[in-house]
1. Could you check, for region 86-95, whether at least one of its residues is within 12 Å of the chain's Cα centre (by Cα) and at pLDDT 95 or above?
2. Does F80 fit the bill of being buried (at least 22 other Cβ atoms within 10 Å of the Cβ), over 23 Å from Y125 (Cβ atoms) and at pLDDT 95 or above?
3. Having 3 or more residues that are among the hydrophobic types (A, V, I, L, M, F, W, C) and in contact with a strand residue (DSSP E or B) (Cβ under 6 Å, 6 or more places away or on another chain) is the bar; report the strands (runs of 3 or more DSSP E) wholly within region 1-101 that clear it.
4. Identify, from the list T46, T59, the residue that is surrounded by fewer than 16 Cβ atoms within 10 Å (Cβ to Cβ), out of contact with any His (no Cβ under 9 Å at 6 or more places or on another chain) and on the phi < 0 side of the Ramachandran plot.
5. Specify the residue that is farthest from W15 (Cα to Cα); the eligible residues are those in region 108-124 that are hydroxyl-bearing (S, T, Y) and surrounded by 13 or more Cβ atoms within 10 Å (Cβ to Cβ).
6. Within region 114-130, work out how many residues are at pLDDT below 95 and either touching a strand residue (DSSP E or B) at 6+ places or on another chain (Cβ under 8 Å) or part of a helix (DSSP H, G or I) (or both).
7. Any residue in region 103-128 that's farther than 12 Å from I18 by Cα: show its pairings with residues that are assigned to a helix (DSSP H, G or I) at Cβ separation under 8 Å, as long as the two are six or more apart or on different chains.
8. Under 9 Å by Cβ, and 6 or more places apart or on different chains, what pairs join a residue from region 69-89 that is among the hydroxyl-bearing types (S, T, Y) with one that is surrounded by fewer than 17 Cβ atoms within 10 Å (Cβ to Cβ) and in a strand (DSSP E or B)?
Amino acid sequence: MNIPDSLKYTNEHEWVRIEDGDIAIIGITDFAQSELGELVYIEVDTVGESIDKDEVFGTVEAVKTTSDLFMPVSGEVLEFNDELNEDEGDNPGIINEDPYGKGWIVKIKMSDTSELDELLDDTAYAEMIG
């Protein structure tokens, strides 16, 4: 199981990568995509909205289930990955192929960077998923 040590993780299997101070990229973990199976649709209709930590910012739909996406840290959703957007690239399977790279889901401007301290590091996340 791929768990990069440069990211922060949530109990709900989202990851966070910090870029440029208060800008963060968010996606779902390799573990999450493997548990969900083949992803067929990603919905994020919160671009431009400020979302509080632990609130739902979108959904992922797989062949066998649909799951909510929870915001790991509070912030404004700046961008939804065009490659996942059905109006643009519409390739949700890219998350199955590259969950930590091309398969990112949203870019946000964090409103409280101290919330990062509440997230799991790679070791704690690995212990959680067993």
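The values are calculated or read from the model by the stated rules, or taken from the named source; none is laboratory data. Please read these numbers as outputs of a predicted model, since none were measured by experiment. Counting neighbours? That spans all protein chains shown, and the Cβs are built from the backbone with ideal geometry, glycine included.
1. Looking for residues that are within 12 Å of the chain's Cα centre (by Cα) and at pLDDT 95 or above, one finds at least one in region 86-95, hence yes.
2. So F80 passes the test.
3. Result: 14-19, 23-28, 39-43, 56-62, 75-80.
4. T59
5. That would be S111.
6. Residues in region 114-130 being at pLDDT below 95 and either touching a strand residue (DSSP E or B) at 6+ places or on another chain (Cβ under 8 Å) or part of a helix (DSSP H, G or I) (or both): 0 in total.
7. As it stands, the answer is G103/Q33; G103/I94; G103/I95; G103/N96; G103/E97; I105/I95; L120/M128, since those pairs meet every condition given.
8. Qualifying pairs under 9 Å: S74/S50.
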